[in-house]
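Have a look at the structure below before the remarks.
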Amino acid sequence: MTINQSGWKPTSPEANEASVPATFTGNRALMLEEKLIFEIGDSETTGVDFAEGDVAGSRLGDLSRKDPIGLPGLSEPETVRHYTRLSRQNYAIDLGLFPLGSCTMKHNPRLNEKMARLPGFSDVHPLAPVDTVQGALEVIHQLAHWLVTLTGMTSVAMSPKAGAHGELCGILAIKAALEKRGEGHRKVILVPESAHGTNPATAAFAGFSVEDIPATADGRVDTDALKARLGPDVAGVMITNPNTCGLFERDLKDISDAVHAAGGYVYCDGANFNAIVGRVRPGDLGVDAMHINLHKTFSTPHGGGGPGSGPVVFSEALTPFAPLPFVEKTGEGFRLVEEENADDHHADSFGRMVAFHGQMGMFTRALTYILSHGADGLRQVAEDAVLNANYVLRSLENTLDAPFAKSGPCMHEAIFSDEGLAEGFSTIDVAKALIDEGFHPMTMYFPLVVHGAMLVEPTETESKAALDQFIGALASVAERAKAGDPSLKTAPHFAPRARLDETLAARKPVLVWKDKAA
Amino acid sequence: MERMRYLPLTSSDRAEMLSVIGAGSVDDLFVDVPESARLSGPIEGLPNHASELAVERHMTALARKNMVAGDVPFFLGCGAYRHHVPASVDHLIQRGEFLTAYTPYQPEIAQGTLQMLFEFQTQVARLLGTDVANASMYDGSTACWEAIGMARRITKKSKAILSSGLHPHYVSVAKTMAKYTGDTLETGTPVLTAETDIDQMIAAIDADTSCVVVQYPDILGRIADLTPLAEACHAKKALLIAVVTEPVALGAVRSPGEMDADIVVGEGQSLGVGLQFGGPYVGLMGCKDKYIRQMPGRFCGETVDADGKRGFVLTLSTREQHIRREKATSNICTNSGLCALAFSIHMTLLGEAGLRRMAGINHANACRAADRLAKVPGVKLVNDVFFNEFTLDLGREARPVVRTLAERGVLAGVSLGRLYPGEDALANGLVVAVTETVTAEDIETLAKALEEVLA
Amino acid sequence: MSRYFTEDHEWIDVDGDVGTVGISDYAQGALGDIVFVDVPEEGRELSKGDEAAVVESVKAASDVYAPVSGTVVEGNAQLADEPALVNSDPEGEGWFFKITLSDASELDALMDEAAYAAFVAKL
């Protein structure tokens, strides 16, 4: 059998000592407990008034709903209070530093929110006649232009809904290009060990088999191993650059040339484009396709887990295979190229990936971000992101094991390991203690190539003072973990909840609320 | 550069930090980038940073070029519906603790998002009539495709029958994906009749069928009892997948789950999310208990913490890509969290009584509109059983009529010519959606304008 | 009856031409709390080294390989309700499946209890 290599074990509940008195309500001052809507609402209460009027008359056939649905309602004040209370149990960028490596939790400018809510963008139907939505198409076209320009590529598919969806878009274009060439027999996609889990999942979904490429001791792709594996069965490679160890893949151009010479394509996972935007164009590195997470590099909000947006830029070689729909400039304005008007230029398109045209609400935000930052600001974004990460790395490399500290500067994120912590202590204990210090933990146990990995991405929107406080907190926690401080094992102590029993949740899944009294 | 509003580091900070790092300049930090790949000059054509005011002017000018749905009589549907969203919804989703949080991977400090997702899953499951629901998908079209893949894994068969009443974009997405996964899809084009194609689908099910995918209400707005279809599927060990693009309908009609559908997916945009020119939206996905291990996407589950307090965590994550990698049920790595929150808040505000009332108004308005528009000379009502959307046969090509009406400031509906280019038999069809946002005056304006244009 | 081990931490007890397969105590310790086990169906043909079962902890899903070739005669249905048996009694009640051996000579390549203990000690 395969053995869990990451070192990540589920959290287990160990009773915390009750050191403070209980309250009648269970609340602790500003820390307010909140029941489920199913426990506080009922089927008669509503927070929405409708106009009086007759709703009789039915053309529902014999399908009228007879049984209750079981949906509780709350009045508006109760609703506002319920969700406000819930919100206060969340950590967020607005509260503090959120150094989640590979996730790019930077400040979300509020102008972006305001612009996305202009009725001209938010209250427009995707199937409205194109003459009535020229401004919306122009937004897509302008953003597409800047994405192509910033990456040095030929074209961009705007419709993918998220990063992983963008990966799928890129891989399907590669598949379509190979089939067009009569080389559908190329079935192998090479993926470095340090890749995001989505890479192999995506390649497998598209019918490719995935082969791992090892990393070198300095944290980069083993270029020699990769080149040795190239051949007539290899469809392409998926490489993240900067990679998930926070390092720039210096040999990417060389790798691209070799892959192209062997008849394959290069997919770049652009999750970390924020480190190089304005300084490096992936097109100059021989990349054929790359997704751009607008929610990372261009700071559309993460929203507690989406929605994302993952446009994919293409090289000239893959451009003919890009998915529909897309926006084209014509003499008079902009047109939407869909199935119906896809002319000869688009005959090789691999098809449609979503209903409608992609994440318009994210496009307006990302365009606002690009225009706000401008050429000088975008470049500064990359520089400050890299500067902040190197500052964290060098400030902590003597406190925590930093496996690639000698590999040169890092890019936008710094990686540490659990090497040197006391016996029985792991990354999760450091992470949970950071919660008590008022920080969101770093990414834990990823990438898999580093045991007990701690991946720290501070981003460019943190001040030096904020970084210094974080560095001090992490150093303090690390020293406690090295000394075997048992209080770390029961951290967090000051969060809305202590460690949660993930084993119980998975063994006996309770995924919907059921009235236990019933 | 001069100071910029989003970047807090000062020049002296940068100098001090470089000295801690031991680098002479920031360029030294990019030393691993080959010289040939370094972009030294400015970004072509992009001006330098701009003030809020300047950017707002630019974006507002673009926004003004669009016809705003709320400014005109508006009757578009076909997978995206305009409903009134209470003011508190947008206020609450803009709380920074929701807006600027990440996926709840550290549950001790993400109970807000997690409890909301647990409530969302329960609301969705009850609405769809399924045992469970996940924490949302990208949108309805991708959820629909994921359901087909799920049926393949469960039945170990790969022939899917797609109703001709399924949204053509959803069909296109499924066709794109099927090319690469080896699924066989049987598809068709709708016919402008009052009857759905349920009988034809029942006849088409055979031992190789993995699933039947049926939209409810369908693309023309028709509704039909799915019970016989579910029975026919189960007799051949196939699954019934129902697709709901207008969840408000389920406030008025029986849910697909009640009619024994195995997997129900939907587009949740109608509640809380808004039109937004097509995205972001929120995919709904529920199924019977026995299939949860084959579900894609995230689940939130109930548990307890070390002190015995109830809490919530993401669970069953071994199905997902970050653990299973190439063996995952899907490559999906996100949900549509903030849209799911908007959906859930809107649903909480409505409650059972509000949703039923809203659905009743939608249906009543649609009945009124259908009666009035059927009186326009040359216009025929195709389906007289519907929820809030129905199809008209205009007796002439509908697409130019829609354009002409748009020039007159009326957004009349979606022409089937737009959705089914090249299908002459559908060219005269106009799908009209009528929600609670439509007034009697709007209906009269549309009817009059249609009379003039068709005359 | 004799017990054999693989380098992938499966064990097999052989009684006549039927073997009972599970994962070792070392393996369950390395995985942590087991939350789900997917055992093979009766009648499934397996070759030595095939992925035969899946065992999941909260953060990991691990494949269990067939230590020998043969036909599955029974999967341990009890694990569906009580996956924790793999933790509490991995080399007894927590067995995964029973298989008829198609080639008993495949056992020769496996380790006995002492050899496995020495193998684990070196990990």
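The values are calculated or read from the model by the stated rules, or taken from the named source; none is laboratory data. Because the structure is predicted, anything quoted here is derived from the model rather than measured. No Cβ is skipped: glycine too gets one built from the backbone with ideal geometry, and neighbour counts run over all protein chains shown.
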**OP:** Would you please list the contacts, defined by Cβ atoms under 8 Å and residues six or more apart or on different chains, that run from a residue in the stretch B:226-248 that is within 13 Å of B:Met285 (Cα to Cα) to a residue that is buried (at least 24 other Cβ atoms within 10 Å of the Cβ) and charged (D, E, K, R)?
**Re:** B:Ile241/B:Asp262; B:Val244/B:Glu267; B:Thr245/B:Glu267; B:Pro247/B:Glu267
Subject >> Pairs with Cβ under 6 Å, 6+ apart, first in the stretch B:430-455 and basic (Lys, Arg), second surrounded by 16 or more Cβ atoms within 10 Å (Cβ to Cβ) >> reply: none
**OP:** Quick one: A:Glu249 ticks every box in (1) in contact (Cβ under 8 Å) with a residue 24 or more places away in the chain; (2) outside any loop (DSSP other than H, G, I, E, B) except a single one, so which number is it?
**Re:** (2)
Subject >> Of all residues making up the stretch A:204-234, the number that are out of contact with any helix residue (DSSP H, G or I) (no Cβ under 6 Å at 6 or more places or on another chain) and under 23 Å from B:Gly182 (Cβ atoms) >> reply: 7
Original post:
Looking at the stretch B:391-404, is at least one residue in contact with a Phe, Trp or Tyr (Cβ under 9 Å, 6 or more places away or on another chain) and either over 23 Å from A:Ser64 (Cβ atoms) or assigned to a loop (DSSP other than H, G, I, E, B) (or both)?
Top reply: no
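Residues in the stretch A:399-427 that are more than 22 Å from the chain's Cα centre (by Cα) and within 12 Å of chain B (Cβ to nearest Cβ): how many? First the steps, then the outcome.
Within the stretch A:399-427, the first condition is being more than 22 Å from the chain's Cα centre (by Cα), and the residues that meet it are A:399-409, A:417-426.
Imposing the further condition that a residue be within 12 Å of chain B (Cβ to nearest Cβ) reduces the set to A:404-405, A:407-409.
Count: 5.
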Original post:
With respect to the numbered conditions (1) part of a loop (DSSP other than H, G, I, E, B); (2) more than 8 Å from every other protein chain (Cβ to nearest Cβ), which one is the sole condition not fulfilled by B:Glu44?
Top reply: (2)
**OP:** Collect the residues in the stretch B:133-175 that are touching a strand residue (DSSP E or B) at 6+ places or on another chain (Cβ under 8 Å), assigned to a helix (DSSP H, G or I), in contact (Cβ under 8 Å) with a residue 40 or more places away in the chain and farther than 14 Å from B:Glu267 by Cβ, keeping them in residue-number order.
**Re:** B:Ile148, B:Met150, B:Ala151, B:Arg152, B:Ile154, B:Thr155
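Which is of a type outside the set (D, E, K, R) and farther than 16 Å from A:Gly270 by Cβ, of A:Leu111, A:Leu147, A:Leu143? Give the steps one after another, and end with the answer.
Numbers: A:Leu147 fails: farther than 16 Å from A:Gly270 by Cβ; A:Leu143 fails: farther than 16 Å from A:Gly270 by Cβ.
Going through A:Leu111, A:Leu147, A:Leu143 in turn, just one is of a type outside the set (D, E, K, R) and farther than 16 Å from A:Gly270 by Cβ: A:Leu111.
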Original post:
From A:Ile93, A:Ile69, which residue is in contact with a His (Cβ under 9 Å, 6 or more places away or on another chain), in a loop (DSSP other than H, G, I, E, B), of a type in the set (Val, Ile, Thr) and within 7 Å of another protein chain (Cβ to nearest Cβ)?
Top reply: A:Ile93
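Here's the yes/no breakdown for (1) closer than 30 Å to A:Asp257 by Cα; (2) of a type in the set (Ser, Thr, Tyr):
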position	(1), (2)
A:Thr330	no, yes
A:Arg335	no, no
A:Glu338	no, no
A:Gly351	yes, no
A:Met362	no, no
A:Ile370	no, no
A:Gly377	no, no
A:Ala382	yes, no
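Per-residue answers, yes or no, for (1) touching a Ser or Thr at 6+ places or on another chain (Cβ under 7 Å); (2) at negative phi; (3) surrounded by 20 or more Cβ atoms within 10 Å (Cβ to Cβ):
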{"residue": "A:Glu460", "(1), (2), (3)": "no, yes, yes"}
{"residue": "A:Asp468", "(1), (2), (3)": "no, yes, no"}
{"residue": "A:Val477", "(1), (2), (3)": "no, yes, yes"}
{"residue": "A:Ala481", "(1), (2), (3)": "no, yes, yes"}
{"residue": "A:Ser487", "(1), (2), (3)": "no, yes, no"}
{"residue": "A:His493", "(1), (2), (3)": "no, yes, no"}
{"residue": "A:Arg499", "(1), (2), (3)": "yes, yes, yes"}
{"residue": "A:Glu502", "(1), (2), (3)": "yes, yes, yes"}
Original post:
Within the stretch B:323-344, is even one residue over 20 Å from B:Pro104 (Cβ atoms), part of a loop (DSSP other than H, G, I, E, B), facing chain A (nearest Cβ under 7 Å) and touching a Lys or Arg at 6+ places or on another chain (Cβ under 6 Å)?
Top reply: no
Subject >> Flag for B:Leu430 being part of a helix (DSSP H, G or I), buried (at least 24 other Cβ atoms within 10 Å of the Cβ) and within 14 Å of another protein chain (Cβ to nearest Cβ) >> reply: no
Subject >> Looking only at the stretch B:94-119, and only at residues there that are within 18 Å of B:Pro247 (Cβ to Cβ) and in contact with a Gly (Cβ under 9 Å, 6 or more places away or on another chain), the one that is nearest to the other protein chains (Cβ to nearest Cβ) >> reply: B:Met116
**OP:** For B:Thr196, indicate whether it is within 11 Å of another protein chain (Cβ to nearest Cβ), touching a Cys at 6+ places or on another chain (Cβ under 6 Å) and on the phi < 0 side of the Ramachandran plot.
**Re:** no
**OP:** State which residue is modelled with the highest pLDDT when the search covers only the stretch A:39-85 and only residues that are more than 39 Å from the chain's Cα centre (by Cα) and among the polar types (S, T, N, Q).
**Re:** A:Ser64
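Could you grab me the full set of residues in the stretch A:453-487 that are over 21 Å from the mean Cα position of the chain (by Cα) and in a loop (DSSP other than H, G, I, E, B)?
Scanning the stretch A:453-487 gives A:Ser463, A:Gly484, A:Asp485.
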Original post:
Quick check: is even one residue across the stretch A:46-59 more than 7 Å from chain B (Cβ to nearest Cβ), without any contact (Cβ under 8 Å) to a residue 12 or more places away in the chain and closer than 21 Å to A:Ala498 by Cα?
Top reply: no
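Identify all residues within the stretch C:35-62 that are out of contact with any strand residue (DSSP E or B) (no Cβ under 7 Å at 6 or more places or on another chain) and more than 7 Å from chain A (Cβ to nearest Cβ); write none if there are none. I'd like the intermediate steps shown before the answer.
Residues of the stretch C:35-62 out of contact with any strand residue (DSSP E or B) (no Cβ under 7 Å at 6 or more places or on another chain): C:47-48, C:59-60.
Scanning the stretch C:35-62 gives C:Ser47, C:Lys48.
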Subject >> Top-ranked residue of the stretch A:446-458 - restricted to ones that are surrounded by 24 or more Cβ atoms within 10 Å (Cβ to Cβ) and within 12 Å of another protein chain (Cβ to nearest Cβ), ranked as modelled with the lowest pLDDT >> reply: A:Pro447
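Report yes if B:Ala63 is under 22 Å from A:Thr300 (Cβ atoms) and facing chain A (nearest Cβ under 7 Å), otherwise no. Walk me through how you get there before you give the answer.
Values: under 22 Å from A:Thr300 (Cβ atoms): yes; facing chain A (nearest Cβ under 7 Å): yes.
Yes; evaluated as a whole, the condition is true for this residue.
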**OP:** Can you run down the residue pairs with Cβ atoms below 6 Å, 6 or more apart or on separate chains, where the first is in the stretch B:403-420 and without any contact (Cβ under 8 Å) to a residue 24 or more places away in the chain and the partner is in a loop (DSSP other than H, G, I, E, B)?
**Re:** B:Arg403/A:Pro129; B:Gly417/B:Ala427
Original post:
Does the stretch A:350-381 hold any residues that are more than 7 Å from chain B (Cβ to nearest Cβ), among the charged types (D, E, K, R) and surrounded by 24 or more Cβ atoms within 10 Å (Cβ to Cβ), and which are they?
Top reply: A:Arg365
Original post:
Could you list, in sequence order, the residues of the stretch A:150-195 that are within 26 Å of the chain's Cα centre (by Cα), of a type in the set (Asp, Glu) and either more than 9 Å from chain B (Cβ to nearest Cβ) or more than 29 Å from A:Thr216 (Cα to Cα) (or both)?
Top reply: A:Glu193
Original post:
Does B:Ala61 fit the bill of being surrounded by fewer than 18 Cβ atoms within 10 Å (Cβ to Cβ), at pLDDT 95 or above, within 36 Å of the chain's Cα centre (by Cα) and not in a loop (DSSP other than H, G, I, E, B)?
Top reply: yes
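Just wondering, is there one or more residues in the stretch B:287-309 that are among the basic types (Lys, Arg) and assigned to a strand (DSSP E or B)?
no
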